[in-house]
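Report on the following structure.
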Amino acid sequence: MRLLISLITALIILTGLLDSQRSFTAEAQEIGPHFTDIIVTTSDTHLLLFGELQESLTEEMLEALHSGIPIKFLFFVRLILNEPNWPDDELVAIEFSHSLTYDTLKNTYNVEIEETSKKDITAASLEEAQKLLNEIHGLKVIELSKLIPERSYRLKVKADLYKKTLPMSLHSIIPFISWWDLKTDWYTIEFTY
């Protein structure tokens with residue numbers, strides 16, 4: 001009987017620890033760069049992805065931008081077919097970038113959005129430029145004709161926002177060091193088509 005009580009007590013404590021870990025993880029995801037408002041939908045012909053990054057620009061990045069150094073975000077999108085009792089099948093792997101530059105003479109920002117045929121947009125304010133930089137707006141992921149109805153899929157999205165590295169001459173002396181990286185975790189959505 002004591003063993004049963006000990007096991008139940010341990011199970012209750014373990015459940016409490018797991019719940020607190022889950023809430024801590026959810027809070028940790030809200031600190032730093034993260035995706036919000038991720039939507040997977042369809043057009044007449046394609047599966048589309050919409051989403052937005054939050055907390056993507058740091059003070060250091062803004063200082064570099066206003067000093068003439070461009071900011072480049074790399075986005076990674078994966079579409080995976082979930083096969084029961086079989087290895088998952090990666091259907092799509094897309095990589096694209098968004099770049100932000102600042103024109104000191106005109107006091108304007110230029111955003112290059114690669115996933116829509118290298119679209120260049122000029123913005124008058126940093127807020128407008130940041131919104132354009134952070135948005136994934138209607139990315140065509142895959143043709144609907146390539147999806148199998150009533151099957152389960154997993155769409156993953158991630159962004160690499162900043163990588164500060166050593167000057168090239170120092171990489172030969174200290175080969176495997178980068179100062180720090182700023183990136184999001186993989187954000188995953190599961191759906192049935």
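One table, with the values for the structure above:
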{"read-out": "Close pairs from the stretch 132-159: first closer than 14 Å to SER97 by Cβ, partner acidic (Asp, Glu) and surrounded by fewer than 17 Cβ atoms within 10 Å (Cβ to Cβ), Cβ under 8 Å, at least 6 apart", "value": "ASN134/GLU52; GLU135/GLU52; ILE136/GLU52; LYS158/ASP185"}
{"read-out": "Residues satisfying the stated conditions in the stretch 149-183, i.e. modelled with pLDDT of 90 or more and among the β-branched types (Val, Ile, Thr)", "value": "VAL157"}
{"read-out": "The stretch 64-81: number of residues that are farther than 21 Å from THR184 by Cα and surrounded by fewer than 14 Cβ atoms within 10 Å (Cβ to Cβ)", "value": "4"}
{"read-out": "Condition met for LEU139 (under 26 Å from VAL111 (Cα atoms), outside any strand (DSSP E or B) and modelled with pLDDT of 55 or more)", "value": "no"}
{"read-out": "Selection from the stretch 18-63 of residues that are at pLDDT 85 or above, among the aliphatic types (A, V, I, L, M) and loosely packed, with under 14 Cβ neighbours inside 10 Å", "value": "ILE39"}
{"read-out": "Single condition SER145 does not satisfy, out of (1) modelled with pLDDT of 80 or more; (2) under 27 Å from ASP88 (Cβ atoms); (3) touching a strand residue (DSSP E or B) at 6+ places or on another chain (Cβ under 7 Å)", "value": "(3)"}
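The values are calculated or read from the model by the stated rules, or taken from the named source; none is laboratory data. This structure is a prediction, so every number in the text was calculated from the model and none was measured. Every residue, glycine as well, gets a Cβ built from its backbone with ideal geometry; the counts of neighbours run over all protein chains shown.
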